[in-house]
Structure formats: C-alpha cells, structure tokens
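Only one structure is covered here, and it is reproduced in the block below.
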Amino acid sequence: MTHTIGISGSTIMSNEKKFNELFQKKITHIEIGEFENEQAFQRFLQLHRNSNKTFGIHSPVFRSGSKYDLLEKFQHSPEKAWHLFEQEIRRLVQLDAKYILVHFPYFQGTAQNPEILIEQGLKRLSELQLKYNLPIVCEPKLGLDRSPKGIEYLDAFPLASWKKYGLKLCIDIGDYLLAADENALEMIQKWKDHIKVVHLHNIEFMNDKYIWIPIHPSHEDDGKHYPIKEILHVLAESPDIYWVLEHTPHSNPSKTFIDEGLHWLMNDFLDTDILI
C-alpha cells in the first residue's frame with residue numbers, strides 16, 4: 001500500500017502570491033485548481049518543474065471555468081461543460097499531472113432518473129480517461145443549501161455498474177459528514193476499493209455557515225467537532241491513496257496545529273511518518 005501526503009491549493013485559496021507555501025512543505029504532492037489566470041498557472045508550473053513534487057488538478061483549472069455542470073446546468077450547459085473539461089484533460093496530459101479531479105456526481109437538489117444520469121456521465125468520463133490515458137477522479141459533492149442528494153444518489157448507485165468504468169473516487173470527509181452524519185462511515189465503506197484521493201479536514205460551524213479546518217486528535221471528544229477516527233481507519237485500508245490537506249485559511253490555523261494533525265494521521269492510521 002502506498003500513502004501519499006499532499007496539500008491542496010485551498011489552503012491558500014490558490015493565491016499566486018502564496019504558492020511558495022505549498023512548495024515549502026516537505027510533503028510530496030499538491031492538488032490545485034481555480035487559478036486566477038494563465039499567468040498564475042504558468043507560475044505554478046514553473047515552481048513545480050523546480051521541485052520534486054507531483055501534482056493533480058482539481059477542475060476547473062481557472063476560476064472562470066465549469067465547476068458543477070456535467071450533469072445539469074449550474075453556470076454552463078452540460079455540453080459546454082464536457083467540452084471545457086476535455087480541453088483541460090488534453091492540456092494536462094502534456095504537463096505530467098497525476099490525475100484530474102472533477103465534481104461528479106453533483107446535483108443541485110432532487111433530480112429525475114439520477115441513476116441513469118450518473119451512468120451516462122460515467123460512460124463519458126471513462127471514454128475520456130481511455131482516450132487521454134489520464135486518471136479521472138470523481139468527487140461527489142453537496143448541492144445547494146447543503147443538499148445531500150448527490151452523495152445519496154451515489155450511495156444508491158450499483159457498485160457493479162461503477163466497476164465497469166474503471167474510475168476512481170475522492171472522498172471529501174467534510175461533505176460526507178454534512179450529508180450523512182452518523183451514516184457517513186457506512187457510505188464510505190461501500191466505495192473503499194475505488195478511492196484514490198481523500199480530502200482531509202474537519203468542520204467548524206459559525207452561525208449558519210461552516211468552514212474547513214485541519215484534522216486534529218483533540219476534535220475526537222471535544223463535543224464541538226465531528227469525530228473522524230473511525231472514518232480514517234476505514235480510508236487507510238484503501239490502497240494507493242493521496243491524502244490531501246484541504247482546510248482553508250479562514251480559521252488561521254498554526255503550523256503546530258496542522259503538524260500535530262498530520263502526525264496523528266501518519267502514526268495512528270498510516271503507520272508511517274515524515275518530516276513536515
């Protein structure tokens with residue numbers, strides 16, 4: 001089993017002025033997307049070429065791109081979204097990206113015939129993966145007003161049908177907890193043989209809003225945050241995982257706090273350790 005520790009551009013909100021923070025970490029992988037413009041993307045690629053790190057792209061590459069539209073219109077028509085997504089894949093193949101991650105399935109709320117829509121989408125994603133030989137990772141997401149429908153529709157989707165298409169999944173711990181609470185672990189277990197990426201964070205509520213915060217062992221019994229120990233144990237059983245730190249800077253976490261959470265992950269669940 002190979003466990004790779006990565007960091008997400010979300011930790012700096014893909015701010016070009018802070019790219020160096022991603023490369024200073026002694027971890028080996030970066031997942032990033034939503035660059036402000038072409039100049040920022042080129043700056044990232046230059047830093048990457050001078051590093052020993054791998055990278056994956058979280059679609060869309062640019063903030064102006066399509067983020068949620070493959071199955072139904074959110075900002076763009078689905079056909080435009082598929083066209084833009086293929087353009088991104090075509091470009092990334094030449095840049096040695098390890099994978100492209102896309103929000104799929106995403107439904108704003110209740111949908112008609114979701115199983116049919118998901119299978120049609122999987123077929124198109126599989127065709128693109130075969131055509132360009134670039135791994136595509138699907139991240140099921142919450143919809144509008146925290147709608148759990150996309151994650152619930154995936155949970156109801158037949159495992160045998162998924163296997164036909166050779167696609168991998170990203171499990172966003174926060175989205176699964178918000179969608180399913182105590183049932184999140186059961187939902188995740190169903191897919192553990194198909195998981196490639198884990199988005200690592202906990203949740204902190206601020207009135208009617210919430211933010212992503214770093215994982216930390218102190219959250220397990222503080223009565224304020226979700227306990228995630230059992231989820232981490234299950235996810236650690238999946239082979240060849242990219243564990244991507246995806247907290248945002250809103251809570252201004254200290255380096256010590258982040259490092260303590262990482263050491264907890266590596267020592268208690270992955271049986272490994274690195275300098276960070």
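Return only the number of the condition from (1) in contact with a strand residue (DSSP E or B) (Cβ under 7 Å, 6 or more places away or on another chain); (2) open to solvent by less than 40 Å² (accessible area, probe 1.4 Å) that His76 does not satisfy.
Looking at each condition in turn, His76 falls short on (1).
Are any of the residues in region 164-179 in contact with a Leu (Cβ under 8 Å, 6 or more places away or on another chain) and of a type in the set (Ser, Thr, Tyr)?
yes
Looking only at region 188-204, filter to residues that are part of a helix (DSSP H, G or I) and either of a type in the set (Lys, Arg) or touching a residue at least 60 places away in the same chain (Cβ under 8 Å) (or both); which one of those is surrounded by the most Cβ atoms within 10 Å (Cβ to Cβ)?
That would be Lys192.
Scanning region 110-130 for residues that are among the β-branched types (Val, Ile, Thr) and either open to solvent by 50 Å² or more (accessible area, probe 1.4 Å) or free of Cβ contacts under 8 Å to residues at least 24 places away in the same chain (or both), which turns out farthest from Ala81 (Cα to Cα)?
My answer is Thr110.
Look at region 205-257 and say how many of its residues are farther than 26 Å from Lys98 by Cα and either touching a helix residue (DSSP H, G or I) at 6+ places or on another chain (Cβ under 6 Å) or open to solvent by less than 20 Å² (accessible area, probe 1.4 Å) (or both).
Qualifying residue count, region 205-257: 11.
Condition check ((1) touching a helix residue (DSSP H, G or I) at 6+ places or on another chain (Cβ under 9 Å); (2) among the aliphatic types (A, V, I, L, M); (3) on the phi > 0 side of the Ramachandran plot) across all residues:
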{"position": "Gln87", "(1), (2), (3)": "no, no, no"}
{"position": "Arg91", "(1), (2), (3)": "no, no, no"}
{"position": "Leu101", "(1), (2), (3)": "no, yes, no"}
{"position": "Ala111", "(1), (2), (3)": "yes, yes, no"}
{"position": "Pro114", "(1), (2), (3)": "yes, no, no"}
{"position": "Glu127", "(1), (2), (3)": "no, no, no"}
{"position": "Tyr132", "(1), (2), (3)": "yes, no, no"}
{"position": "Leu144", "(1), (2), (3)": "no, yes, no"}
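Does Ser51 count as more than 18 Å from the chain's Cα centre (by Cα), among the hydroxyl-bearing types (Ser, Thr, Tyr) and in a loop (DSSP other than H, G, I, E, B)?
Yes.
Does region 148-157 contain at least one residue that is crowded, with 20+ Cβ neighbours inside 10 Å, modelled with pLDDT of 95 or more, in contact with a His (Cβ under 7 Å, 6 or more places away or on another chain) and not polar (S, T, N, Q)?
So far as region 148-157 goes, no, none of its residues is crowded, with 20+ Cβ neighbours inside 10 Å, modelled with pLDDT of 95 or more, in contact with a His (Cβ under 7 Å, 6 or more places away or on another chain) and not polar (S, T, N, Q).
Would you confirm, using the coordinates I've provided, whether Ile203 is modelled with pLDDT of 95 or more and farther than 28 Å from Ser251 by Cα?
no
Given the residues Leu92, Leu101, Leu70, which is the only one that is surrounded by 13 or more Cβ atoms within 10 Å (Cβ to Cβ) and part of a strand (DSSP E or B)?
One residue alone meets the criteria, Leu101.
Of everything in region 1-28 that's of a type in the set (Ser, Thr, Tyr) and open to solvent by 50 Å² or more (accessible area, probe 1.4 Å), which residue is modelled with the highest pLDDT?
Thr28
So if I check each of Leu177, Leu185, Leu142, which one is in contact with a strand residue (DSSP E or B) (Cβ under 8 Å, 6 or more places away or on another chain) and surrounded by 14 or more Cβ atoms within 10 Å (Cβ to Cβ)?
Just a single option satisfies the conditions, and that option is Leu177.
Check Ser59 against each of (1) at pLDDT below 95; (2) within 30 Å of Val234 (Cβ to Cβ) and name the one condition it does not meet.
Of the numbered conditions (1) at pLDDT below 95; (2) within 30 Å of Val234 (Cβ to Cβ), the odd one out for Ser59 is (1).
What pairs can you find where one residue is in region 139-157 and in contact (Cβ under 8 Å) with a residue 60 or more places away in the chain, the other is open to solvent by 20 Å² or more (accessible area, probe 1.4 Å), and their Cβ atoms are less than 9 Å apart, with a gap of 6+ or different chains?
Glu139/His58; Lys141/Tyr68
I'm told Gln39 meets every condition in (1) assigned to a loop (DSSP other than H, G, I, E, B); (2) touching a helix residue (DSSP H, G or I) at 6+ places or on another chain (Cβ under 9 Å); (3) open to solvent by 50 Å² or more (accessible area, probe 1.4 Å) except one. Can you identify the failing condition by its number?
Unmet condition: (1).
The values are calculated or read from the model by the stated rules, or taken from the named source; none is laboratory data. Since the structure is predicted, the reported quantities are computational estimates derived from the model, not experimental observations. Neighbour counts run over all protein chains shown; Cβ positions are idealised from the backbone, glycine included. Surface areas here come from the heavy atoms of the whole protein model, side chains and all, with no ligands, DNA or RNA. Shrake-Rupley method; radii C 1.70, N 1.55, O 1.52, S 1.80 Å.
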